[in-house]
Every structure is written in structure tokens, then in C-alpha cells.
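Q: Okay, here's the structure, questions in a sec.
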Amino acid sequence: RLHNDSIILKNFKRPNYCPLWPEKLVGRMDMDVAVISTEISPAVQESIAEGGVFKPEVCSPRERTAIIIPYRNRENHLKVLLSHLHEVLQRQMIEYGIYVIEMAFPAQFNRGLLANVGFLTSSSIRSYTCYIIHDVDLLMMDDRNMYRCGRVPRHLTASNTKYTKRLPYLAYFGGVVAFTPEQFWKVNGFSNLYFGWGGEDDDMVYRIFHTGQHFSRPKPIIGGYTAIEHDSDSTNPVNPNRQALVNSARRRMVDDGVRSVMYQRLALEFKPLYTWVYISVQEAK
Ligand code: UD2
């Protein structure tokens, strides 16, 4: 018996984890959004499985990350973002899946609700250790901004070419954010009540603080993003009720969130570069 035990120990190998900082990373990328390519290099393309899923073959990934993109009517942005993400995330040697969550007309756009649906749908397909909610028009400018989760929720957009200062205000949580499943459940996800532009990101900050958490950011030099310019969307008008809703964020957070999201799924398709989830929502009047 002793002899057998020692054989087991001798043959025990530690998993060959993927490096925390892969050598393939290039650091700062100079990008001209006017001419940015939507091409994906053949080697990267070949490694993407149906549904926009990738797993490094040469090492054991440390995390499994779901990228969730709330989406409607931004086809060109989506093409650019998908090629950029597949290239960068494969260099980061992260196991990932990309989910595009699209909202049908006529309801006004609701980014928080789509994030909740993305979280639930991607979890039902594969168990992820990290969920990244990602604006469709933001491109990471430095591939050392690793798409991983942390001990607290992360705001990965530490600076953005869209703003003259790095960010509009300190407690800003828009753009690209990362949660572990535990962190997301703890805040009950995003509010489902923000139809139209604005507020759902500030509401989330209240949820995070009210549950005794805080959030972190990479250094601005690493967490820089290029924003692709666009006109305002007629079906995503500024929400005039957003401040009133934000004021009641704490009170609502138990009953309004990922646990109570209501929607109808119209389609789920595993496309070559992403998993497409198409939903319709009854807008509260
Ligand atoms: C800011 C935040 C964003 C969110 C929003 C308020 C940044 C970088 N982003 O975005 O995270 O908090 O304010 O709601 O500060 N979208 C569509 N189709 C539409 C409308 C929106 O796909 O018709 C999606 C898309 O992923 C887009 C995101 O929603 O990136 C945010 O909408 P936006 O880009 O119009 O708003 P923006 O840039 O002010």
C-alpha cells in the first residue's frame, strides 16, 4: 500500500497553467479606427470554434471568460470588435466565448437587461469563471489589459479616447466591466428598468457599494480604449427618468435584477465568430 501511494505521488503533475503574462503580448497598439481592419489572421481564425469559442491547446487556461456584448444595429462596430477581440484574447491565452445579445424592436434599448440575459444564457451553455460586459464600440489599446476577473468587480475602461479627461467622473463604471459569477449574483446583476441611454452604469455602482464591495481599475496606461465614433441612436434616446431611478437604486436592487429579468428568447445561434442571442422585451410604461 505504501508502495502504491508513492507511485501516485511520483506520477502527479501540476497542471501546465497558461502564463499570466504571455510572451506573445505586444503591449500598446496604435490603432487608426478610420482604417482598422476586420480581417482575422488565418491561425487565429482556425482556432475559433463554432459560437466564437476558444481554448488554448498548449496550456491549461486559468479562467474561462464570457464576453457579453449588448447589441443592436451596429453591424460595422461589431465586425471591427470581433476581429480585434479574437486576435487579442488568443494572444492573452485565455479560454473565452463571445456572446452578442441583441434586442428586437420596437422596445427602446436596455443595456443592463441585455447584460443580465447574456450572463444567464452564457452560464447555461458553459460554466464561466468571469463575465465581461463589453460595449460594441470600444477597442482595447493595450493587450496587457488582461480580460480576467479580480477579487472585486473590475472597470477595465480606465481611460477612453471619447472623453477629454480619462473618464467623466471617478465613480464611473461604463464601457467594459468584469464580474465573477459570485460578484454578479451578489449585486443581483444590473437593473432591468433602464430603457434608453444612461443610468444603468451608475445604478450598478450603488449595487456594488451597497453590498459592501468596491471596484478596481487597471492603470490608465494599460486600461486605455479607443472609442469608435457614432451618431446617437434614435431607438436609444436619453432616458429622462434615469436620475430618479438611480436615486432609488439601493431600495430596488433586491427585486430588480438578474434574478427577475423578463424576456422572450427569439433565437439562439452558434455563429462562426460569436453566439447570437436575440430577445424581445415588453417595455414597462
Ligand atoms: C456610455 C457607456 C456605456 C453605457 C452608456 C449608458 C462608455 C465608454 N460607455 O456609452 O457603457 O453605460 O453610456 O447607457 O462610457 N448599443 C447598441 N445599439 C444601440 C444602443 C446601444 O448596440 O442602439 C450598445 C453598444 O454596445 C454600445 C452600448 O450599448 O456600445 C452603449 O451605448 P452608446 O455607445 O450609445 O453609449 P455611450 O457611448 O455614451
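The values are calculated or read from the model by the stated rules, or taken from the named source; none is laboratory data. Since we're looking at a predicted model, the values are computed, not measured. Here the Cβ is made from the backbone with ideal geometry for all residues, glycine too, and neighbour counts use every protein chain on show.
Q: Would you check if Arg126 is among the basic types (Lys, Arg), surrounded by fewer than 18 Cβ atoms within 10 Å (Cβ to Cβ) and over 27 Å from Gln282 (Cβ atoms)?
A: Judged against the criteria, Arg126 is a match.
Q: Here's a follow-up. Hey, any hits in the stretch 80-88 for a residue that's buried (at least 19 other Cβ atoms within 10 Å of the Cβ), within 16 Å of the ligand (Cβ to nearest atom), more than 20 Å from Tyr131 (Cβ to Cβ) and of a type in the set (A, V, I, L, M)?
A: yes
Q: Mind listing whichever residues of the stretch 112-131 are within 15 Å of Tyr274 (Cβ to Cβ) and within 12 Å of the ligand (Cβ to nearest atom)?
A: Leu114, Gly118
Q: Condition test on Phe109, is it aromatic (Phe, Trp, Tyr), within 16 Å of the ligand (Cβ to nearest atom) and closer than 15 Å to Phe184 by Cβ?
A: no
Q: With the requirement that a residue be touching a Leu at 6+ places or on another chain (Cβ under 9 Å), in a helix (DSSP H, G or I) and farther than 30 Å from Gly199 by Cβ, what does the stretch 89-118 give you?
A: Result: Arg91, single match.
Q: Filter the stretch 134-179 for residues that are modelled with pLDDT of 95 or more, among the β-branched types (Val, Ile, Thr) and more than 11 Å from the ligand (Cβ to nearest atom) and give the result.
A: Result: Val152, single match.
Q: Oh, and also: Checking the condition under 30 Å from Asp142 (Cα atoms) and of a type in the set (Ser, Thr, Tyr), which residue from Tyr194, Tyr278, Tyr274, Tyr263 passes?
A: Within the list Tyr194, Tyr278, Tyr274, Tyr263, the selection yields Tyr274.
Q: Here's another thing I want to ask about it. Going through the stretch 263-272 one residue at a time, which ones are touching a residue at least 40 places away in the same chain (Cβ under 8 Å) and over 16 Å from Phe105 (Cα atoms)?
A: Leu268, Phe270, Lys271, Pro272
Q: Considering only the stretch 65-76, state which residues are within 11 Å of His134 (Cβ to Cβ) and either among the acidic types (Asp, Glu) or out of contact with any Lys or Arg (no Cβ under 6 Å at 6 or more places or on another chain) (or both).
A: Those that are within 11 Å of His134 (Cβ to Cβ) and either among the acidic types (Asp, Glu) or out of contact with any Lys or Arg (no Cβ under 6 Å at 6 or more places or on another chain) (or both): Thr65, Ala66, Ile67, Ile68, Ile69, Tyr71.
Q: Quick check: anything in the stretch 224-246 away from the ligand (no atom under 14 Å from the Cβ) and either touching a residue at least 12 places away in the same chain (Cβ under 8 Å) or touching a strand residue (DSSP E or B) at 6+ places or on another chain (Cβ under 7 Å) (or both)?
A: No - not one qualifying residue is present in the stretch 224-246.
Q: Does the stretch 205-216 include one or more residues that are small (Gly, Ala, Ser) and over 20 Å from the mean Cα position of the chain (by Cα)?
A: Within the stretch 205-216 (the criterion being small (Gly, Ala, Ser) and over 20 Å from the mean Cα position of the chain (by Cα)), the answer is yes, since at least one residue qualifies.
Q: Would you be able to tell me the number of residues in the stretch 169-187 that are closer than 19 Å to Tyr147 by Cβ and assigned to a loop (DSSP other than H, G, I, E, B)?
A: Of the residues in the stretch 169-187, 4 are closer than 19 Å to Tyr147 by Cβ and assigned to a loop (DSSP other than H, G, I, E, B).
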